[in-house]
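The values are calculated or read from the model by the stated rules, or taken from the named source; none is laboratory data. Just so it is clear, the structure is predicted and the values come from calculations on it, not from any experiment. Neighbour counts run over all protein chains shown; Cβ positions are idealised from the backbone, glycine included.
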């Protein structure tokens, strides 16, 4: 079954929801189960990978009663992002075959609206910066903004890779499940 989405210039982007391919695979295999339940499988993998990472990084410290460090969070954040990204790309490959990750790349690179519509997203961080500057000047230097380069890097990683799972698997699969079958436009 094919589903359609509108692109930035009104172009139609087609992606396939491969229900029929799930029927051709043995119903007891893990692949067939993932094809029948792609959104549940995505969230399961997206939560299991960070949970395992948490147990590996923080588990021994908790068992020995050691104090957790701020670096533990810095180590766990990329693991969480990796879990979401792997769940989306892997699930897209399993549910849509070999072309699934390629179609995912096309959908990620294709913007739905023009670049000028993303500019308002800069308003909140700039407003927060000005509020912190004012509080740092007039109230206390403790409020002065701090620059955390890793925070900027992690924010970019989350924006680039964290959405792959949702864009790659959950949105197309959920849209295809809700959409009524219709002739191509």
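Restricting attention to segment 26-53, the residues that are more than 24 Å from residue 100 (Cβ to Cβ) and surrounded by 16 or more Cβ atoms within 10 Å (Cβ to Cβ) total 1.
Each residue in segment 90-99 was checked for being more than 23 Å from residue 57 (Cβ to Cβ), in contact (Cβ under 8 Å) with a residue 12 or more places away in the chain and under 16 Å from the mean Cα position of the chain (by Cα), and 2 pass. Do the conditions hold for residue 82, that is, is it over 21 Å from residue 161 (Cβ atoms) and either part of a helix (DSSP H, G or I) or within 18 Å of the chain's Cα centre (by Cα) (or both)? So residue 82 fails the test. The residue pairs whose first member lies in segment 48-72 and is farther than 21 Å from residue 83 by Cα, whose second member is modelled with pLDDT of 90 or more and assigned to a helix (DSSP H, G or I), and whose beta carbons are closer than 7 Å, counting only pairs six or more residues apart or on different chains, are 68/61.
Which residues, counting only those in segment 100-116, are part of a helix (DSSP H, G or I) and either within 17 Å of the chain's Cα centre (by Cα) or touching a residue at least 24 places away in the same chain (Cβ under 8 Å) (or both)? Please lay out each step first, then the result.
The first filter runs over segment 100-116 and keeps only residues part of a helix (DSSP H, G or I), leaving 100-109, 115-116.
Hits for segment 100-116 are 100, 101, 102, 103, 104, 105, 106, 107, 108, 109.
Residues of segment 18-34 being modelled with pLDDT of 85 or more and either closer than 30 Å to residue 77 by Cα or not in a helix (DSSP H, G or I) (or both), which ones? Break it down into steps so the answer makes sense when it comes.
Within segment 18-34, the first condition is being modelled with pLDDT of 85 or more, and the residues that meet it are 29-34.
Matches in segment 18-34: 29, 30, 31, 33, 34.
Scan segment 55-77 for residues that are crowded, with 16+ Cβ neighbours inside 10 Å and in a helix (DSSP H, G or I) and the total you get is 3.
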